[in-house]
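A.B. asks: Once you've had a glance at the structure underneath, I'll fire off some questions.
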Amino acid sequence: MASNKQFRIRRAIVRAVYDYSCGQDFSAVLCAPGLLLENPQTEAAYAEWQTLIDAGILIPLPGYGNMVCKLDPDIRRQMDARSGVPPAHPVLFGPEVMS
């Protein structure tokens, strides 16, 4: 089970990628204000980035080796409907959101 900090890092990454309509580079996302507040080690942030890719929340752009991603269109639509708030997804908030 992920820790609360891991969930906060994941949500900060999703919010940062949401701010852009095209793909976003991992190194740019590291400078997003929400992620800076969490102050993760680069390796920890990348592990959460990869978790989001594995969950299908982030979609890697071909040719960039998972370093440039865009937000899944369904997640983007849900966030648009919720004024930018990430949806209640177990990868973002924990398995209890599905109860």
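Values in this text are rule-based calculations from the coordinates and carry no lab data. Model, not experiment: these values are computed from the prediction. Here Cβ is always computed from backbone atoms with ideal geometry, including for glycine, and neighbour counts include all displayed protein chains.
A.B. asks: Give the long-range amide H neighbours of Q24: residues separated by 5 or more places, or on another chain, with amide H under 5 Å away, using H modelled in the peptide plane at 1.01 Å from N.
C.D. replies: The list, which skips near neighbours in sequence, is C69, K70.
A.B. asks: Ignoring everything except DSSP H segments at least 4 long, calculate the 222 nm mean residue ellipticity for the chain; use -39,500 (n - 2.57) per segment, divide by total residues, nearest 500.
C.D. replies: So the helix-based figure for the chain works out to -14000 deg cm²/dmol.
A.B. asks: Now for a different question. Can you tell me what the convex hull of the Cα atoms of the chain projects to on average, as an area in nm²? Walk me through the intermediate numbers first.
C.D. replies: On the way: hull surface 24.3 nm².
Reported value for the Cα convex hull: 6.1 nm².
A.B. asks: Let me ask something else. Taking 7 Å along the Cα-to-C-beta vector as the label spot, tell me the D80-T42 distance in nanometres, rounded to one decimal.
C.D. replies: The modelled label-to-label distance comes out at 3.5 nm.
A.B. asks: Okay, next question. Please give the contour-minus-distance gain from S27 to M67: 0.36 nm per residue of separation, less the Cα-Cα distance, rounded to one decimal in nm.
C.D. replies: 13.6 nm
A.B. asks: Treating only the Cβ atoms of Lys and Arg (+1) and Asp and Glu (-1) as charged, compute the dipole magnitude of the chain about its Cα centre; round to the nearest 20 debye.
C.D. replies: Details: 9 positive and 10 negative charges, 43 e Å.
Charge dipole of the chain: 200 debye, to the nearest 20.
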